[in-house]
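So the structure is just underneath, and the comments pick up after that.
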Amino acid sequence: MPKLAPARARFSHVSRDSRDTLFLLGVVAWTLAPHAARLPGWAVAFGALALLWRAWLAWTEGPLPNRFWLTAVLLTALGLTFVSHGSLLGQGPGITLVVSLTALKTLELRARRDAFVVFFLGFFLILTQFMYSQSLLTALAMVVSIWGLLTALALAHLPAGRPPLSLAAGLAARAAAIGLPIMVVLFMLFPRMGPLWGRPEDAPGQMGLSGHLKLGQVSELAQDDSIAMRVRFGGGPVPKPSSLYFRGPVLAFTDGVQWREASTEEWLALAPADQPIRLAGEPVNVEVTIEPSRISTVALLEASPSPPQVNAVSPSLAVAPLGLGWRANQPITDRVRLSTHAWTHFAHGPTQITPALHTYLDLPPGRHARARAWALDQLHQLDHPSARDAAQLLLQHIRSGGYSYTLAPGAYGENGADAIDEFWLDRKTGFCEHYAASFVVLMRAMGVPARIVTGYQGGELNPVDGYFVVRNRDAHAWAEYWQAGEGWVRADPTAAVAPDRIEHGRSLRPLPGFVGGALGRVNPAWADHLRAWWDAANNRWNQWVLNYSQGKQLDLLRKLGMNSPDWTDLAYLLTGLFSGISLLAAAWAWWERRQHDPWLLAYARIVRTLNRAGAQAAETWPPLTLAHYLHEHLNLTAQPLMRLLRELDAQRYGAPSRPGKQKFDTRQARATLRAARMLTQTAAFQAAFRATEPPRSHA
């Protein structure tokens, strides 16, 4: 600790300009830091070196670099930006240039004008952060940046003396608080015109389930612990984890290596194979909030046959049925909330064989030869087997055949080997897609129509807000086969090898990061609770802020009594509110202009009382000048008022009796006013000021 004392003493005696510059540099560094992961390496190094160099110059109060060197560095930054991005136009190059120029501008902080340029560049950089992330963590970090920049701006407007940082920070907080109501009104009523920040193609999002599947693809997605969607149930009992199947793409076609879903034209031919839908039991109300995924798949709880109600930032987003699943008319680049009814007990598909079902028997020629031979051999051992018998045979083989379930099964199909043959007959270790694909191939080999269904299974209940959190690691693949007299029947081979995965919805978790692993080792329960709290806070942020769409705005107007509101009503209401706010601001400004110090108001009343009785005193005279004026005209008659005026003058201009600001004494002011009124009623006053004369200077 003694070694730190000289450094602290030196910092406490650093000049005002150096302190303010160091503070501004810290705020700029905080604002630039989130961009580090998205910028070229040279830009990160350039910004860090420029800020450190400027901080050293501020600390040592050294001279700033001349404009020749700054121009050379600027040209270098332009050249490196062009080399890195291939252009100087566009979002990526633009942000790289703004970051570089902001760091470079700090090296010419010579006057307050230069500081203002850095302030506004900082505010612009805050906006650019939301082009990449609109998370709660980003918003909190940028609130700190705004407060810091406003504090630096307040310091720039306090040029005299050495105002403490706490004073400037308080002024910044009050300024932000004054603007907060206007910000809230704009947020709630300004018409939504599509995505709030950035372009749709720049929207964040983890690539989720697609219409293609290759062995190992789902296990790669399951390594991602980010949230795919949040689900809330209402109106009935919450389904068991084993019933939480969120249906995504259905994969019907394979070339022996990759599976794919049907095209739009192919679906038209296959549609009879998914009709009709037979529902049983009572439905459950489901609200699903889907995170941006850049794909059009909408994974809803099986079965959700009725069109969901869509609440999205983009009013053009619509959802259409595709078999038993749903698909959006455009990639989901913004957070979308859907409400629907789901039946966990259902059946679908024809009960008798139809031509459309033959497609689900196709296998590529020359592929999976060993697995197909194995299937036919097993089939011959059964006596008139049904589709259900064949499915139970395969599931039982998985349970007893030495298979294992893992996130990292390794690559299959290398060196010309057939992936299905290698998995089913040799290595016997895989993830859900290995089991689902092999099950479907073997069922087709036995003459049973079958297909792969991808989506999500399970989820984790957040006890803080009651939402089920479905993560990308809950991505899953299962199978459906056709049974005569019933239709399509779900079969999940994963339940045979890892029953806990399905019965309790416990997916395999990827390895935690450094911080998460450390917290888990110290106190696993506390780490889980902290994670649940943070997930709930993020959900509230998503629901109330990021998912505040035009639909919610119109709902607000309906609650205010408008029957059929549209965006023009929003514009009228916003115009009316701002007109009212402007009038209130004008009234406040008028009232402020009429407000004075209470001492000045009281003294002005005393002077006006004397002048109404005939005196010619000016309100600009101080009390001692007024006392001298009264003594000159009234001599001893004015002594009581003169004594009170001297006390009033001492209260205003004299040294306080104790440290701190001296308070205005209203009793003394009233006594002085009464004395002035009594003096105006005396014969001496009336005789002295009967004939008016122009006031003389008593300065």
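If you check E460, E433 for being open to solvent by 10 Å² or more (accessible area, probe 1.4 Å), in contact (Cβ under 8 Å) with a residue 40 or more places away in the chain and under 24 Å from W326 (Cβ atoms), only one passes: E460. Evaluated against (1) closer than 30 Å to H348 by Cβ; (2) surrounded by fewer than 23 Cβ atoms within 10 Å (Cβ to Cβ); (3) at pLDDT below 90, A496 falls short on exactly one condition, (3). Scanning the range 432-471 for residues that are under 30 Å from L393 (Cβ atoms) and aliphatic (A, V, I, L, M) turns up A436, A437, V440, V441, L442, M443, A445, M446, V448, A450, I452, V453. Of all residues in the range 69-80, those that are at negative phi have Cβ atoms under 9 Å from Cβ atoms of residues that are charged (D, E, K, R), 6 or more apart or on another chain, in L70/E108.
One residue stands out in the range 123-171 among those that are under 24 Å from the mean Cα position of the chain (by Cα), more than 23 Å from A103 (Cβ to Cβ) and small (G, A, S): the one that is most open to solvent (accessible area, probe 1.4 Å), namely S135. One residue alone among A537, A571 is under 27 Å from the mean Cα position of the chain (by Cα), modelled with pLDDT of 75 or more and within 30 Å of R471 (Cβ to Cβ), and that residue is A537.
Taking A571 as the residue in question, decide whether it is out of contact with any Lys or Arg (no Cβ under 9 Å at 6 or more places or on another chain), of a type in the set (A, V, I, L, M, F, W, C) and under 11 Å from P191 (Cα atoms). Criteria met by A571.
Only a single criterion out of (1) of a type outside the set (F, W, Y); (2) modelled with pLDDT of 85 or more; (3) closer than 26 Å to P191 by Cβ is not satisfied by I332, namely (2). Is the range 53-67 home to any residue that is of a type in the set (S, T, Y) and buried (at least 19 other Cβ atoms within 10 Å of the Cβ)? No, there is no match, as no residue in the range 53-67 is of a type in the set (S, T, Y) and buried (at least 19 other Cβ atoms within 10 Å of the Cβ).
Are any residues in the range 405-427 buried (at least 17 other Cβ atoms within 10 Å of the Cβ) and of a type outside the set (A, V, I, L, M), and if so, which ones? Matches in the range 405-427: Y405, P409, Y412, G413, D418, D421, E422, F423, W424. Would you confirm whether any residue within the range 396-404 is surrounded by fewer than 12 Cβ atoms within 10 Å (Cβ to Cβ) and under 46 Å from the mean Cα position of the chain (by Cα)? Yes. Restricting L442, L363, L393 to residues that are in a loop (DSSP other than H, G, I, E, B) and either under 30 Å from E266 (Cα atoms) or modelled with pLDDT of 90 or more (or both) narrows the list to L363.
Only one of these conditions is not met by D255: (1) at pLDDT 75 or above; (2) touching a strand residue (DSSP E or B) at 6+ places or on another chain (Cβ under 9 Å); (3) over 14 Å from A299 (Cα atoms); (4) not basic (K, R). Which number is it? Condition (2) is where D255 drops out.
Residues are listed down the side, and each one gets a yes or a no for (1) of a type in the set (S, T, N, Q); (2) open to solvent by 60 Å² or more (accessible area, probe 1.4 Å):
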position: P237; (1), (2): no, yes
position: S242; (1), (2): yes, no
position: F246; (1), (2): no, no
position: A252; (1), (2): no, no
position: E266; (1), (2): no, no
position: P283; (1), (2): no, no
position: E287; (1), (2): no, no
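Scanning the range 343-387 for residues that are surrounded by fewer than 13 Cβ atoms within 10 Å (Cβ to Cβ), out of contact with any helix residue (DSSP H, G or I) (no Cβ under 9 Å at 6 or more places or on another chain) and farther than 20 Å from G485 by Cα yields P364, P365, G366, D377, H380. How many residues, within the range 620-636, are open to solvent by 60 Å² or more (accessible area, probe 1.4 Å), farther than 19 Å from Q668 by Cα and not charged (D, E, K, R)? Count: 5. Residues in the range 258-295 that are small (G, A, S), within 30 Å of P355 (Cα to Cα), at pLDDT below 85 and part of a loop (DSSP other than H, G, I, E, B): S263 only. Could you grab me the full set of residues in the range 239-295 that are more than 29 Å from A419 (Cβ to Cβ) and among the polar types (S, T, N, Q)? Result: S243, Q275, N285, T289.
The values are calculated or read from the model by the stated rules, or taken from the named source; none is laboratory data. Here the structure is a predicted model, which is why all the values come from computation and not from measurement. Note: ideal-geometry Cβ built from the backbone for every residue, glycine included; neighbour counts use all protein chains shown. Note: accessible area is taken over every heavy atom of the protein model, side chains too, but ligands, DNA and RNA are not part of it. Shrake-Rupley method; radii C 1.70, N 1.55, O 1.52, S 1.80 Å.
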